[in-house]
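I have placed the structure first, in the form of structure tokens, so that the comments after it can refer back to it.
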Amino acid sequence: MTQETAGHVAAMLRDARNEKGWTQGQLASELGTSQSAVARMEQGKQNLSLKMIQRLENIFDRSIVNVGKPRMTHLRVEGGRTLSGAVDVNSSKNAGVALLCASLINRGTTVLRRLARIEEVNRIVEVLTSIGVECTWLNDTDLRLRRPAVLDLNAMDVDAARRTRSVIMLLGPLLDESREYRLPYAGGCDLGTRTVEPHMQALREFGLSVEATAGFYTVQAPPADNQDRSFVLTERGDTVTENAIMAAAHRPGTTVIRNASPNYMVQDLCFYLQMLGVTIEGVGTTTLRITGRPAIDAEIEYFPSEDPIEAMSLITAGIVTNSEVTVRRVPIEFMEIELATLGQMGQKLEISGEYMARNGRTRLVDVTTKPSELRAPEDKIHPMPFPGLNIDNLPFFAVIAANAHGQTMIHDWVYENRAIYLTELNRLGAQVQLLDPHRIYVNGPTKWRAAEVGCPPALRPAACLLLAMLAARGVSELRNIYVIERGYEDLAERLNTIGAKVEYFQD
């Protein structure tokens with residue numbers, strides 16, 4: 001960065017901070033750095049990495065370097081390298097988002113330790129801050145949340161809310177916060193018509209009234225009651241279950257939820273609420289019995305558990321590059337079907353003994369991939385609600401199957417167009433045949449080749465392209481990676497620690 005450019009960036013940064021009404025200390029807290037570092041940035045005396053510039057641009061929602069010109073971040077991958085070493089699994093994105101929403105139930109202080117610093121988390125933090133929650137990054141991974149006595153729901157940051165599907169999960173914790181308020185329609189990945197109706201069906205059981213009008217949900221709070229209630233979820237969805245749990249957690253009486261999701265993020269949410277004094281029976285099963293507390297004021301810290309989807313991503317990196325890689329802190333309870341399926345395909349794995357996660361509840365192992373000759377499985381690979389193969393882990397089997405001898409059918413029955421995005425692997429030499437919006441054939445083995453590919457608008461297929469590029473000899477480019485930033489924290493840098501060569505760049 002030239003001295004002239006550094007001076008320009010410093011001026012832009014000062015202006016952006018002042019427009020937001022922040023002190024240097026507040027910006028430092030948001031960035032997880034020191035006030036003196038921010039002061040150096042604003043004096044043009046601090047070298048800024050591309051990642052730091054991108055983080056600043058996301059915080060201030062403006063271009064810091066090229067005024068008025070939108071900037072997209074891309075990845076350049078030098079593939080065909082053998083990986084080695086060990087890498088840790090980060091905390092769960094989906095659990096972190098649920099815990100951020102659940103923190104509204106607590107009138108005291110919540111500290112979430114080792115929270116994933118990803119775009120999805122950033123968007124929810126922006127929404128919470130806009131309605132009056134004091135969100136303070138104590139360091140680069142620990143976030144302290146203090147809510148005011150009364151939330152200013154009319155001041156909600158609509159732009160941030162529309163950029164995340166997770167905003168729908170505010171309905172449960174805000175159940176009776178205000179007599180009436182508006183919530184923007186949810187955004188996020190382009191995965192087809194994932195209806196919000198199951199959320200509405202669950203929350204109507206508590207008396208919540210929601211009407212869709214012109215880009216917003218108009219929400220009317222239910223009257224106060226202390227009734228017991230019991231209902232069945234027609235869809236065993238993770239976020240639907242979480243919304244229902246959060247609604248029940250601060251309503252008097254006992255709520256029984258049947259056909260509930262017992263998945264990893266739901267369990268994390270239950271563990272957190274139990275620490276707040278909410279009685280929850282049946283954690284890890286499909287029937288939950290919740291006795292709520294109408295007034296919760298606690299000082300609490302919680303460690304979200306490790307992410308089984310990130311674990312699968314890192315394991316896939318070792319498999320497709322035919323490398324010996326150790327992935328540490330794998331939540332084994334939520335990976336058993338995936339690992340068994342890999343074993344049936346001929347993948348050699350070493351699995352350590354179990355140990356506890358920082359939350360004291362989730363069981364972890366270390367998984368080491370070994371160079372292996374893979375074969376297509378005899379049956380199709382398809383997801384199921386937990387304890388089946390995770391819906392979000394299914395796409396990684398398309399990359400893995402491309403390395404296997406034979407033909408593999410992958411049936412993605414949940415999303416009506418995610419399978420289509422997996423055909424982009426053909427740009428890198430794969431042989432993926434689309435049968436219909438839910439099913440593909442993958443023929444292998446593949447002789448991967450480098451290519452320039454644009455990121456599809458869905459997180460897991462985008463990550464699959466990056467992983468395939470690791471196996472493709474030559475230099476590939478994955479363009480406009482915002483969707484990956486939504487769900488992974490510094491994935492490229494962490495792949496580099498085990499021998500990959502991936503770099504960020506902007507046009």
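The values are calculated or read from the model by the stated rules, or taken from the named source; none is laboratory data. Computed from a predicted structure; not experimentally measured. Positions of Cβ are backbone-derived with ideal geometry, glycine not excepted, and every protein chain shown enters the neighbour counts. Ligands, DNA and RNA are stripped out before the accessible areas are found, and what is left, the full protein with its side chains, is counted by its heavy atoms. Shrake-Rupley method; radii C 1.70, N 1.55, O 1.52, S 1.80 Å.
So the values come out like this:
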item	result
FRET efficiency, 1/(1 + (r/R0)^6) with R0 45 Å, evaluated for Q43 and K348 via beta carbons	0.25
Where only alpha carbons of segment 227-318 are counted, the Rg and the Dmax (Å)	14.5, 52
Ordering of 87-93, 278-284, 494-500 by packing [mean C-beta count within 10 Å, highest first]	87-93, 494-500, 278-284
Table column - 3J(HN,Hα) (Hz), segment 168-173, Karplus curve with 6.51, -1.76, 1.60, x for Gly and Pro	4, 7, 7, 4, x, x
Value in Å of the Kirkwood radius, where segment 196-238 supplies the Cα pairs that are averaged	11.7 Å
Count of Lys pairs (Cα-Cα under 20 Å; at least 8 positions apart or interchain) in the chain	6
Segment 138-239 shape via C-alpha gyration tensor axes, a/c threshold 1.5	rounded
Segment 220-369, dipole about Cα centre (Lys/Arg Cβ +1, Asp/Glu Cβ -1), debye to the nearest 20	340 debye
Interchain or long-range residues, amide H under 5 Å from V325's placed H	T369
Virtual spin-label span in nm between Y441 and K380, 7 Å along Cα→Cβ	1.4 nm
For segment 225-271, accessible area per residue (1.4 Å probe, heavy atoms of protein chains only), Å²	28 Å²
In order through segment 290-297: 3J(HN,Hα) via Karplus (6.51 cos²θ - 1.76 cosθ + 1.60), integer Hz, x for Gly, Pro	10, 10, x, 10, x, 9, 10, 9
Under Karplus coefficients 6.51, -1.76 and 1.60, residue-wise ³J(HN,Hα) of segment 492-507 in Hz, glycine/proline x	4, 4, 6, 5, 5, 5, 10, x, 6, 10, 10, 10, 7, 7, 10, 6
Nearest-0.05 FRET efficiency for D507 and A86, computed from C-beta distance (R0 30 Å)	0.30
Kirkwood Rh, Cα atoms: Rg over Rh of segment 367-507	0.95
Residue among A468, Y488, I498 farthest towards the positive dipole end of segment 460-503, charges placed on Cβ	A468
Peptides ranked, highest mean first, by Cβ atoms within 10 Å: ranges 306-319, 475-488, 15-28	306-319, 475-488, 15-28
Length-normalised contact order of the chain in % [C-alpha pairs under 8 Å, at least 6 apart]	18 percent
Cα gyration tensor category, rounded, prolate or oblate, for the chain with a/c compared to 1.5	oblate
Given charges at beta-carbon only (K, R positive; D, E negative), |dipole| of the chain in Debye	580 debye
Alpha-carbon spread of segment 245-394, three principal axes, descending order, Å	57, 32, 20
Span from the segment 8-27 Cα centroid across to the segment 94-161 one, whole angstrom	21 Å
Placed amide H near T279: partners under 5 Å, 5+ positions off or other chain	T291
Surface share of carbon and sulfur [accessible, 1.4 angstrom probe, percent] for the chain	45 percent
Distance between modelled label sites at E281 and T23, nm, 7 Å Cα→Cβ extension	5.0 nm
